[in-house]
Structures are given as C-alpha cells and as structure tokens.
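The values are calculated or read from the model by the stated rules, or taken from the named source; none is laboratory data. Please read all numbers here as calculations on a predicted model, not as lab measurements. Here the Cβ positions follow ideal geometry from the backbone for every residue, glycine too, while neighbour counts run over all protein chains shown. To get the accessible areas, we keep the full protein, side chains included, count just its heavy atoms, and leave off ligands, DNA and RNA. Shrake-Rupley method; radii C 1.70, N 1.55, O 1.52, S 1.80 Å.
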Amino acid sequence: MTKLQDPPHDNGMTKHVRLRKKGQITIPNEILEQLELTANTNLKVTAVDGRIVLIPMIEIAKDQAWYWTETWQQDEKEAQQEIDKGQTSGPFAVEDALAWLDEEE
C-alpha cells in the first residue's frame, strides 16, 4: 500500500482515522468542533489529486435558492460596484418608488 503524504497546510488539525466496512469513517471530535459540524450535516465528497476531500454543504431553503443563482449573484456584484463608485441615487421614498413603477417607458 502506498503511504500518502500529509497535505502541505493542514492548520495543525491532522488526525488519523480508519476506513471501516461500507466505506465509513468517524470524523474526530476536534475537527467537528473546529468546523462547527453537527449530526446530519451534508458533506460534498470529491477526489482531488488522489485525496478524498469532504466539504460541508450549506442547505438553502427552496424559496431562497433564487438568490444564489449565478445570474442573481452577478447582478448583486454589479450593483455593489455601482454603490462603491457612488453611481446610485439612493433609496426612493415609497411614494416616489410607486410613481417610478407607474411611469411608462
């Protein structure tokens, strides 16, 4: 069996575990606490350069998923850039906003 080398930067939290039947491992408590992982946390499992990488996944409610689409995030980035450059007029008063919505293009 080939000995795997430790990753170049492990943040001092390297632990050794044993692979069990059915591909199961136990993640050490110290790592669970450091990453604030709890029971039923979903993990993305990928293979990268001969290593197994576990990435905690954040669940997003279906009614909020639109916000995390690539298009929406790009629009958010552009809006923030305009704000940073002072290219916005600021918030409307409610009456002004409603009048603006009612205007014909």
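Select from the stretch 49-59 the residues that are more than 16 Å from Leu32 (Cα to Cα) and either at pLDDT 95 or above or of a type outside the set (A, V, I, L, M) (or both) and list them in ascending order. Listed by number, the residues that qualify are Asp49, Gly50, Arg51, Glu59.
Look through Leu32, Leu37 and report the one residue that is in contact with a helix residue (DSSP H, G or I) (Cβ under 9 Å, 6 or more places away or on another chain), open to solvent by less than 70 Å² (accessible area, probe 1.4 Å) and at pLDDT below 95.
Criteria check complete, one pass: Leu37.
On the stretch given as the stretch 14-34, residues that are hydrophobic (A, V, I, L, M, F, W, C) and either on the phi > 0 side of the Ramachandran plot or touching a Cys at 6+ places or on another chain (Cβ under 8 Å) (or both) total 0. On the stretch given as the stretch 52-85, residues that are exposed (fewer than 10 other Cβ atoms within 10 Å of the Cβ) and either touching a Cys at 6+ places or on another chain (Cβ under 7 Å) or within 30 Å of Leu19 (Cα to Cα) (or both) total 3.
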